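**Q** Can you keep this structure in mind? I'll have questions shortly.
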Amino acid sequence: MIKKIFLAVLVLVIIIAGIVIFNTIQFSKEIVSKPAKEIPNLPDSAIRHLQQAIQFKTVSAGDGLPVDTAQYVAFWQFVEKNYPLVHQTLTHQSFNGLSRLYKWEGKHPEQKPYVLMAHFDVVPVEAATEKLWTVPAFDGILKNDTIYGRGAADDKSSLISILEAAEKLLADHFQPERTIYFSFGNDEETIGHGAQAIAKYFEENKIHPEVVVDEGGEITVENFTELKRPVALIAVAEKGYMSFDLTVEMHGGHSSTPAPETAIDVLNKGLVHLREKQMPYQFLPVIKEMLNRVGPGMPFLQRMAIANTWLFEKQLIGEMEKDKSSNALFHTTIVPTIIQTGIKDNVIPTIAKATVNTRILPGTTVEQVEAFMNEQINDPRVKITHYSPPDKVGPAASYESVAYKKVENATYQIMKSVIPVPFLSVGATDSKYFQNIADGVIKFSPTIDAKGFHGIDERIGVSDLKRMVFFYQIMLQEAGK
Ligand SMILES: [Zn+2]
């Protein structure tokens with residue numbers, strides 16, 4: 001009997017091993033490469049323009065908080081002066097006061113237009129980090145072929161690159177096949193009222209774009225070192241953005257006679273419990289597709305796991321969860337970002353409040369996130385309320401859409417041996433407002449592992465800027481072709 005069981009188990013193991021090896025071998029084909037083009041050199045003025053653009057303090061401090069409007073107005077004057085052909089040839093209108101929509105009429109205005117997006121507001125530089133920057137954050141310093149400053153990567157380089165590409169093509173008397181819109185948002189770093197208003201204008205005027213391209217994914221060599229090839233992360237969807245307030249209200253009083261538990265204690269424990277566990281992982285089709293496209297180039301063990309997710313899904317995801325960037329592709333993330341409480345060192349506060357930011361996977365609802373938070377905190381004294389209205393994130397673009405194919409094709413042209421893959425943007429972008437009115441919305445710009453997003457020493461290489469201008473030039477030249 002025992003012998004029979006042993007034999008059955010052995011046969012089963014052999015069958016499973018056979019399937020695993022068969023799938024892995026089937027999967028091990030060479031990933032296609034297409035010839036790239038030589039990227040034309042940039043005029044010095046292009047570099048200077050980005051340096052100057054950084055110098056405008058177009059800082060979004062928070063939704064509803066005042067901004068230095070003069071900086072935004074001056075920014076547009078700078079654009080008009082330095083991109084004279086764009087200013088003369090394209091029409092523009094303002095939205096939300098400071099956002100702009102440019103329209104470049106194509107040869108076939110009856111066909112669906114393309115929209116290239118960027119934003120020119122930036123996040124503030126935390127006062128405490130100012131001295132950690134190697135250069136002043138708003139001087140637009142060029143050092144070692146690298147442009148430094150807040151907005152260098154996020155996202156003034158995109159806006160400047162789009163304008164550089166357009167100005168150059170206009171100088172060559174080019175007219176696009178399709179009508180092209182440039183949608184430039186002034187408050188992406190808060191709510192994106194500007195982009196929202198522009199998307200509403202499209203909707204009301206029944207303008208239905210075929211292709212929308214905004215920031216989101218980029219090219220990486222650092223995240224797939226095993227491949228020894230650059231990977232273009234072409235985001236077809238993004239996570240939802242939603243913040244909550246956790247509030248505890250309890251008797252405060254004199255700090256000389258504290259009760260066993262105070263509002264701060266209760267809030268603290270709530271936050272600790274909240275952070276003990278993540279929401280369960282989800283293996284979204286877009287991430288599966290991404291892995292399917294890089295998998296054949298991976299070392300044997302990873303390749304085997306990707307080719308056999310029916311057996312190794314848990315191990316594969318467990319491995320990817322160890323890195324915070326790839327972890328965010330599998331989980332709705334929940335993290336406290338602001339704590340407010342206390343007024344004086346000898347007063348126990350009555351109210352303790354934390355703001356928690358969540359990034360919600362497509363398909364997960366705000367109610368599910370809230371339920372998870374309640375379950376984890378498990379203390380009715382911690383009240384959860386909405387800090388901001390929930391994001392409405394539309395459907396993902398298909399990898400078969402014109403938008404995806406156009407961007408994919410452009411990445412082949414700008415980067416030798418690149419592997420383009422569909423991706424999920426973990427950050428929120430202005431383009432979410434277009435997801436319900438366009439055929440395909442893609443979030444991608446071709447920087448390579450840009451540094452300092454929302455942090456210290458934000459910067460991009462001159463080579464990145466060069467590649468970006470060429471990318472947008474190709475997008476413009478090939479729109480509708
Ligand atoms: Zn951005």
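**Q** So which trypsin sites (Lys or Arg not before Pro) in the stretch 406-452 pass both tests, a DSSP loop state and at most 13 other Cβ atoms within 10 Å of the Cβ? List each step's numbers first, then the result.
**A** Details: sites: Lys406, Lys416, Lys432, Lys443, Lys451; in loops: Lys416.
Loop-located and lightly packed - Lys416.
**Q** How big is the Kirkwood radius of the stretch 240-386, worked out from every pair of different alpha carbons and given in Å to one decimal? Don't skip to the answer; put the middle values down first.
**A** Values: mean 1/r = 0.0567 Å⁻¹.
The Cα-based Kirkwood calculation yields 17.6 Å.
**Q** Taking neighbour counts of Cβ atoms within 10 Å as a proxy for exposure, in what order, fewest first, do Asp214, Asp345, Asp155, Asp323 appear?
**A** On the way: Asp214 29, Asp345 6, Asp155 25, Asp323 11.
Arranged by neighbour count, lowest to highest, Asp214, Asp345, Asp155, Asp323 become Asp345, Asp323, Asp155, Asp214.
**Q** Here's something else I'd like to know. Given the Cα atoms of the chain, and with Rh set as the inverse mean 1/r over their pairs in the Kirkwood sense, what is Rg to Rh to two decimals?
**A** Working: Rg = 25.1 Å, Rh = 24.6 Å.
With Rg and the Kirkwood Rh in hand, the quotient comes to 1.02.
**Q** Using a 7 Å offset from the Cα along the Cα-to-Cβ direction at both Lys103 and Asn436, what is the distance between the two label points in nm, to one decimal?
**A** Those two pseudo-labels are separated by 2.3 nm.
**Q** Under 18 Å Cα to Cα from Lys29, which aspartates and glutamates show up? Leave out anything in the same chain fewer than 8 places away.
**A** Glu226, Glu289
**Q** Right, here's the next one. Can you list the HN-Hα couplings for the stretch 104-114, worked out from phi with the Karplus curve (6.51, -1.76, 1.60; θ = phi - 60°), rounded to whole Hz and with x for Gly and Pro?
**A** Once rounded to whole Hz, the list reads 10, 5, x, 5, 10, x, 6, 8, 4, x, 10.
**Q** With +1 assigned to the C-beta of every Lys and Arg and -1 to the C-beta of every Asp and Glu, and no other charges, what is the dipole magnitude of the chain about the Cα centre in debye, to the nearest 20? Before the final figure, lay out the partial values.
**A** Details: 48 positive and 56 negative charges, 268 e Å.
Approximately 1280 debye in magnitude.
**Q** While we're on this one: Please order Thr365, Thr220 by the number of other Cβ within 10 Å, starting at the fewest.
**A** Numbers: Thr365 11, Thr220 19.
Taking fewest neighbouring Cβ atoms as first place, the list is Thr365, Thr220.
**Q** Place +1 on the Cβ of every Lys and Arg and -1 on the Cβ of every Asp and Glu in the stretch 240-386, take the dipole about the Cα centre, and give the residue among Ile377, Gln340, Pro299 whose Cα lies farthest towards its positive end.
**A** Pro299
**Q** Let me ask something additional. Using only Cα atoms, locate the centre of the stretch 110-137 and the centre of the stretch 260-339, then give the distance between them in Å, rounded to an integer.
**A** Cα centroid to Cα centroid, the span is 28 Å.
**Q** Using the structure shown, list the pairs from Lys322/Lys443; Lys269/Lys353; Lys37/Lys481; Lys168/Lys451 with a Cα-Cα distance above 20 Å, or answer none. Please list the in-between numbers first.
**A** On the way: Lys322/Lys443 25 Å; Lys269/Lys353 13 Å; Lys37/Lys481 18 Å; Lys168/Lys451 28 Å.
In this structure, Lys322/Lys443; Lys168/Lys451 exceed 20 Å between Cα atoms.
**Q** Compute, for the stretch 265-310, the length of the dipole vector about the Cα centre, with Cβ point charges of +1 (Lys, Arg) and -1 (Asp, Glu) only. Units Debye, rounded to 20. Please list the in-between numbers first.
**A** Working: 6 positive and 3 negative charges, 21 e Å.
That gives the stretch 265-310 a dipole magnitude of about 100 debye.
**Q** List, in order, the whole-Hz ³J(HN,Hα) value for each residue of the stretch 259-274 obtained from phi through the Karplus relation with A = 6.51, B = -1.76, C = 1.60 and θ = phi - 60°; use x for Gly and Pro.
**A** The phi angles translate into 6, x, 9, 10, 4, 5, 4, 5, 4, 4, 4, x, 5, 4, 5, 4 Hz.
**Q** Aspartates and glutamates near Lys344 by alpha-carbon distance under 20 Å, same-chain residues fewer than 8 away left out - which ones?
**A** Within reach: Glu249, Glu261, Asp265.
**Q** Hey, got the dipole for the stretch 240-386? About the Cα centre, +1 on K and R Cβ, -1 on D and E Cβ, debye to the nearest 20?
**A** It comes to approximately 380 debye.
**Q** So what's the gap between the Cα centers of the stretch 408-481 and the stretch 178-200, to the nearest angstrom?
**A** 17 Å
**Q** If we count other beta carbons within 10 Å of each Cβ, what is the order of Leu12, Leu424, fewest first?
**A** On the way: Leu12 10, Leu424 23.
By the 10 Å Cβ count, ascending: Leu12, Leu424.
Each value in this text was obtained by applying a stated rule to the coordinates, not by laboratory testing. All values reported here derive from a predicted model rather than from experimental measurement. Backbone-built Cβ (ideal geometry, glycine too); neighbour counts: all protein chains shown.
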